Amino acid sequence: MRPFLVPAPTPSRNCGRTYRKNTAESHPRRLMESIASMTGSVAYASAFDLKKAFTKKDLSPVEAVKASLERAQSLEPKLNSFVTLTPELALDAAKKAETAIMRGENIGLLQGLPISIKDLIPVKGVRFTMGSKVMANNIAQINAPVAERVIAAGGCIIGKTTSSEFGAKAVGDSPLTGATRNPWNVAKTSGGSSAGATASVASGITPFSIATDGGGSIRIPCSFTGLFGIKPQFARVAMYPVSAATTLAHCGSIARTVRDAALLLTAESGFDARDPFSIADPAPDYLAACERPIKGMRIAWSPTLGFASADPEVLRITESAAMTFQKLGCEVELVEKVFDEDPVKIWSSEFYAGIGTRLKPMLEKSRNLLDPAVVVIVERALKQPIEQYYTNVFRRYDFREKTRKFFEKFDLLLSPTLSVPAFDINRDLPMEFEGSDRNAVSWVYYTYAFNLTGQPAASIPAGFTKSKLPVGLQMVARSHQEVDIFRAAAAFEEARPWASEIPPIK
């Protein structure tokens with residue numbers, strides 16, 4: 001396992017401040033206890049609880065960041081969540097946040113909060129590997145727009161989290177870092193491609209993480225690890241350098257609570273001229289949406305989308321979760337057939353052609369260093385005739401229009417996020433799909449459709465299997481309507497809370 005250097009937990013002395021012992025006054029017990037027992041751990045405290053503790057000077061941002069770094073290091077041999085830890089970057093930001101707090105200043109939404117960023121996103125001066133041996137020693141020369149925004153908002157970046165190679169698989173392993181494990185059962189995958197992001201948040205290292213989603217890479221691992229994760233409207237969060245999956249990749253938020261995800265997405269969202277697709281309109285008020293009522297919302301529940309199928313236990317859990325919305329005053333309608341056919345060929349044509357084109361020089365020079373499963377898929381995509389590629393491009397426009405018309409009747413569409421719970425590590429796809437025509441990504445047939453459409457989609461925790469593995473419910477909103485996801489997810493979280501469920505990892 002790779003060594004990490006984390007500073008010793010010395011007391012902070014910035015500004016001669018005095019932080020008093022936490023009194024846990026009128027705070028939810030499970031979260032305040034994790035802060036009040038400040039023996040080097042703030043595990044499982046929400047971002048809002050940390051912010052409140054900072055404001056009241058019950059807790060220093062420096063103490064919180066040190067605790068986060070120490071937990072990351074202690075769990076790394078068990079989980080393998082990080083490619084690189086960045087203690088100096090995080091502690092420098094924490095000290096600035098602490099100074100600002102002592103002066104009564106507010107330097108941003110994320111002031112003093114520990115956060116991690118997926119290693120498909122560059123942070124200047126930090127290793128930027130994309131999970132590949134070919135890029136093992138690459139150092140980012142710029143900050144991505146989202147990294148700039150996090151730093152400007154006072155966030156403390158503790159490290160870069162693991163990803164499958166170039167984000168091209170739906171499980172959590174890469175040739176560079178090996179397998180990332182699931183905190184609920186370390187023999188299982190955390191999912192991909194945002195493997196380390198979810199493993200680290202689910203294990204209480206940070207309250208949230210920034211990740212990407214080109215075919216389900218936020219929603220897939222959130223389903224496997226019992227987290228809330230949202231892929232916002234395409235280009236709501238600017239991306240630069242340009243992704244290999246140019247018109248499919250989204251940047252979004254992973255968190256243990258809906259409001260924490262809303263807070264992070266607020267900081268992430270905004271126009272950036274370097275992204276040619278970047279949305280210039282002001283972002284919605286995600287946090288305000290969490291307070292809005294949902295009575296009367298029109299919701300479609302689809303167990304199959306018209307072409308998929310799920311494990312019976314997964315289906316039972318997600319259907320029960322979907323029916324909760326009826327009890328909350330929504331109109332829930334069963335819709336068996338959302339789509340006429342599986343759009344996997346449309347999605348694969350664009351996703352793997354983009355990644356294959358980017359990887360072509362590496363395929364020619366360093367094929368032996370690349371993930372064999374990724375090599376097979378991208379080589380196949382590169383062989384498609386140009387006529388076939390553009391046929392699928394035009395089919396995508398038709399698919400988007402048909403989906404738009406479907407949402408004229410509904411505010412939200414619910415489905416299982418995945419067809420199975422987490423499966424064993426070091427597998428490219430579940431055993432149920434062995435011998436089928438599904439590959440290392442196309443087995444996730446509930447998620448990729450909504451990268452083709454670009455509309456907001458999330459995974460919310462729906463419950464657990466008998467084996468105590470999390471199951472996710474996918475929630476899809478109309479184009480540009482992230483607010484409907486946040487209002488519905490917040491209401492569901494209040495009705496069926498999940499954040500108190502803690503995995504057995506220690």
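Among residues of region 466-495 that are over 14 Å from Cys222 (Cβ atoms), those with a beta-carbon under 6 Å from a residue that is basic (Lys, Arg) at least six positions away or on a different chain give the pairs Arg487/Arg292. If you check Ala53 against the conditions, is it buried (at least 24 other Cβ atoms within 10 Å of the Cβ), without any contact (Cβ under 8 Å) to a residue 60 or more places away in the chain and part of a helix (DSSP H, G or I)? Criteria met by Ala53. Of all the numbered requirements in (1) surrounded by fewer than 24 Cβ atoms within 10 Å (Cβ to Cβ); (2) in a helix (DSSP H, G or I), Ile107 misses one, and that requirement is (2).
Inside region 391-437, can you point out the residues that are among the polar types (S, T, N, Q) and closer than 26 Å to Gly454 by Cβ?
Residues satisfying the conditions are Thr391, Asn392, Thr403, Ser415, Thr417, Ser419.
Run Ala168 past the list (1) buried (at least 24 other Cβ atoms within 10 Å of the Cβ); (2) touching a strand residue (DSSP E or B) at 6+ places or on another chain (Cβ under 8 Å); (3) not polar (S, T, N, Q) and report the number of the one that doesn't hold. Going through (1) buried (at least 24 other Cβ atoms within 10 Å of the Cβ); (2) touching a strand residue (DSSP E or B) at 6+ places or on another chain (Cβ under 8 Å); (3) not polar (S, T, N, Q) one by one, Ala168 breaks only (2).
Checking the stated criteria, Gln474 turns out not to satisfy the condition of being under 19 Å from the mean Cα position of the chain (by Cα), at pLDDT 95 or above and part of a loop (DSSP other than H, G, I, E, B).
The set of residues in region 243-290 that are under 24 Å from Leu452 (Cβ atoms), among the hydrophobic types (A, V, I, L, M, F, W, C) and in contact (Cβ under 8 Å) with a residue 24 or more places away in the chain comprises Ala244, Ala245, Leu248, Ala249, Cys251, Ile254, Ala261, Leu265, Phe271, Phe277, Ile279, Ala283.
Of the residues making up region 126-143, those that are of a type in the set (S, T, N, Q) and touching a strand residue (DSSP E or B) at 6+ places or on another chain (Cβ under 6 Å) number 1.
Filtering region 395-418 to residues that are hydroxyl-bearing (Ser, Thr, Tyr) and under 20 Å from Leu334 (Cβ atoms) leaves Thr403, Ser415, Thr417.
Rundown of residues vs (1) in contact with a Lys or Arg (Cβ under 9 Å, 6 or more places away or on another chain); (2) of a type in the set (D, E, K, R), yes/no style:
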| position | (1), (2) |
| --- | --- |
| Pro312 | no, no |
| Leu315 | no, no |
| Met323 | no, no |
| Asp342 | no, yes |
| Tyr352 | yes, no |
| Lys383 | no, yes |
| Glu387 | no, yes |
| Lys402 | no, yes |
| Leu418 | yes, no |
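Here is a check on your reading of the model: is Leu359 within 18 Å of Ala245 (Cα to Cα), modelled with pLDDT under 95, more than 25 Å from the chain's Cα centre (by Cα) and not small (Gly, Ala, Ser)? No.
Going residue by residue through region 143-154, is there one that turns out to be part of a loop (DSSP other than H, G, I, E, B), surrounded by fewer than 24 Cβ atoms within 10 Å (Cβ to Cβ) and free of Cβ contacts under 8 Å to residues at least 24 places away in the same chain? The answer is yes; a qualifying residue exists. Residues in region 56-79 that are part of a helix (DSSP H, G or I), surrounded by fewer than 19 Cβ atoms within 10 Å (Cβ to Cβ) and without any contact (Cβ under 8 Å) to a residue 60 or more places away in the chain: Ser74 only. Regarding region 232-248, can at least one residue be identified that is under 8 Å from the mean Cα position of the chain (by Cα) and either assigned to a strand (DSSP E or B) or buried (at least 24 other Cβ atoms within 10 Å of the Cβ) (or both)? No, the conditions are met nowhere in region 232-248.
The test for being out of contact with any Phe, Trp or Tyr (no Cβ under 6 Å at 6 or more places or on another chain) and in a helix (DSSP H, G or I) does not hold for Ala261.
Within region 340-362, can one find any residue that is β-branched (Val, Ile, Thr), in a loop (DSSP other than H, G, I, E, B), surrounded by 15 or more Cβ atoms within 10 Å (Cβ to Cβ) and out of contact with any Asp or Glu (no Cβ under 7 Å at 6 or more places or on another chain)? No, region 340-362 contains no residue that is β-branched (Val, Ile, Thr), in a loop (DSSP other than H, G, I, E, B), surrounded by 15 or more Cβ atoms within 10 Å (Cβ to Cβ) and out of contact with any Asp or Glu (no Cβ under 7 Å at 6 or more places or on another chain).
Scanning region 15-51 for residues that are of a type outside the set (Gly, Ala, Ser) and modelled with pLDDT of 95 or more returns Tyr44, Phe48, Asp49, Leu50, Lys51.
Considering only residues in region 450-471 that are hydrophobic (A, V, I, L, M, F, W, C) and part of a strand (DSSP E or B), the one that is surrounded by the fewest Cβ atoms within 10 Å (Cβ to Cβ) turns out to be Phe464.
For region 473-495, check the following and say yes or no: at least one residue is in contact with a strand residue (DSSP E or B) (Cβ under 7 Å, 6 or more places away or on another chain), buried (at least 19 other Cβ atoms within 10 Å of the Cβ) and within 27 Å of Leu79 (Cα to Cα). Within region 473-495, one or more residues are in contact with a strand residue (DSSP E or B) (Cβ under 7 Å, 6 or more places away or on another chain), buried (at least 19 other Cβ atoms within 10 Å of the Cβ) and within 27 Å of Leu79 (Cα to Cα).
So, in region 286-327, exactly how many residues are of a type outside the set (A, V, I, L, M) and in a loop (DSSP other than H, G, I, E, B)? Matching residues across region 286-327 total 13. Which ones in region 477-500 are of a type outside the set (A, V, I, L, M) and at pLDDT below 95? Within region 477-500, just Ser500 meets the criteria. If you go through region 273-302 and keep only what is among the charged types (D, E, K, R) and surrounded by fewer than 18 Cβ atoms within 10 Å (Cβ to Cβ), you end up with Arg274, Asp281, Asp285, Glu291, Arg292, Lys295, Arg298.
Of the numbered conditions (1) closer than 19 Å to Val378 by Cβ; (2) among the small types (Gly, Ala, Ser); (3) more than 16 Å from the chain's Cα centre (by Cα); (4) buried (at least 24 other Cβ atoms within 10 Å of the Cβ), Gly216 fails exactly one; give the number of that condition. Against the list (1) closer than 19 Å to Val378 by Cβ; (2) among the small types (Gly, Ala, Ser); (3) more than 16 Å from the chain's Cα centre (by Cα); (4) buried (at least 24 other Cβ atoms within 10 Å of the Cβ), Gly216 comes up short only on (3). Test Asn439 against the criterion of being at pLDDT below 95 and closer than 25 Å to Ala199 by Cβ, and give yes or no. In short, yes. Of the residues making up region 412-449, just one is surrounded by fewer than 24 Cβ atoms within 10 Å (Cβ to Cβ), among the aromatic types (Phe, Trp, Tyr) and over 19 Å from Arg380 (Cβ atoms), namely Phe423.
The values are calculated or read from the model by the stated rules, or taken from the named source; none is laboratory data. Keep in mind the model is a prediction, meaning the values are calculated, not measured. Reconstructed Cβ throughout: ideal geometry from the backbone, glycine too, with neighbour counts over all protein chains shown.
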